[in-house]
1. Relative to the first principal axis of the alpha-carbon coordinates of the chain, what is the inclination of helix 259-270, with its axis defined by its Cα atoms, in degrees from 0 to 90 and to the nearest 10?
2. Might you report the magnitude of the Cβ-based charge dipole of the chain about its Cα centre, with Lys and Arg at +1 and Asp and Glu at -1, to the nearest 20 debye?
3. Among THR229, THR139, THR94, rank each residue by its count of other Cβ atoms within 10 Å, from fewest to most, as a rough exposure measure.
4. In the neighborhood of ALA3, defined by Cβ-to-Cβ distances under 13 Å, what is the net charge if each Lys or Arg adds +1 and each Asp or Glu adds -1?
5. What residues qualify as long-range amide H neighbours of GLU70, i.e. H under 5 Å apart, gap of 5 or more or another chain, H built at 1.01 Å from N?
6. Using the Cα gyration tensor of the stretch 45-192, with a ≥ b ≥ c the square roots of its eigenvalues, what is the shape: rounded (a/c below 1.5), prolate (a/b larger than b/c) or oblate (neither)?
7. By count of other Cβ within 10 Å, fewest leading, how are MET217, MET74 ordered?
8. Of ILE99, GLY88, ILE60, whose Cα points farthest to the positive end of the dipole of the stretch 19-115 (charges on the beta-carbon: +1 Lys, Arg; -1 Asp, Glu; origin at the Cα centre)?
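Every read-out reported here was derived from the displayed coordinates using simple, explicitly stated rules and does not represent laboratory data. Values in this document were obtained by computation on a predicted structure and should not be read as measured data. Cβ: placed from backbone, ideal geometry, glycine included. Neighbour counts: every protein chain shown.
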Amino acid sequence: MTATLQLQPHDKDLGGGFNVRRLLPAAQRRSVGPFVFFDHFGPATEQPGNQHDVRPHPHIGLATVTYLFEGAMMHRDSLGSRQEIRPGAINWMTAGRGIVHSERKPERLLQATYVNHGLQLWCALPQAYEEVEPSFTHTAEEDIPALEVQGVPVRVLIGEAFGARSPVKTFSKTIYLDLALPAGARFELPALAEELAIYPVDGDLVLDGEPVARHTMAMLPDGQGGVLTTQGPVRAVVIGGEPLDGPRFITWNFVSSRRERILEAGADWTAQRIGHVPGETEFIPLPDHPAFRVQTPPDNGTTPV
């Protein structure tokens, strides 16, 4: 049996014990379905005077997907959207031709002590939709399908699985599930899409007889499902979908199928032509980093940040 490809996280401490683990993009695998970026942040304790705000920054050619296990964030963007992100909800922001947003500690929690823990993913938009009008959609926790499958609580965050369909609208076939695997579970994950991966959030599991440690992303063979087993309780997410319709360039916060579009977006951001978040004046300059000088991507993936 061929060993399952497993991606190890690249950890970064943003200070104050706020850790971010990046799984995608990776040298061994650039994307899973439409997902080209996967960050797992926390759990981190936020205290008064200790905040990890993300200042206004731009995106093109992608959709951000934010999902919290614990805590809260305040989303603001250049469309005028203002939404507190809470656990269990899916927040989908389509950047398209260009959007600017910030993520900050909600004002009601400035003097509170609480835990922030969640995932932020990016989906590359299909080439035909890379330049669509930007938009933001919040889908509340109670509107996400929740069911029990083989004794396992499953939330269908995005896409269709086990007879349930998420109301979150996407531009290509996309799968995103939240599994609460109990101790001693045996769960048969069907081939829900051509590309699938499993990520254990807080414990170890076994995929088709191979151990998968927490914070490791394991790829399933293309077009196949797998059997998950556990000893202790494990929370895990499944991501995937149909393969990308061609390679993608990724530089800083920009994703595109065209190298020249990345450079154009950089110039637009420097000239402050992409947009502004109402009421916010901070400006992050375009990074002066070799990664922004885009190289030709491999035929089967994206160019990593």
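1. 50 degrees
2. The dipole magnitude comes to about 360 debye.
3. Starting with the residue having the fewest Cβ neighbours, the order is THR229, THR139, THR94.
4. So the surrounding residues net to -2.
5. HIS117
6. Details: a/c = 2.46, a/b = 1.18, b/c = 2.08.
In terms of gyration-tensor shape, oblate.
7. Ascending number of Cβ neighbours within 10 Å: MET74, MET217.
8. Of the options given, the answer is ILE60.
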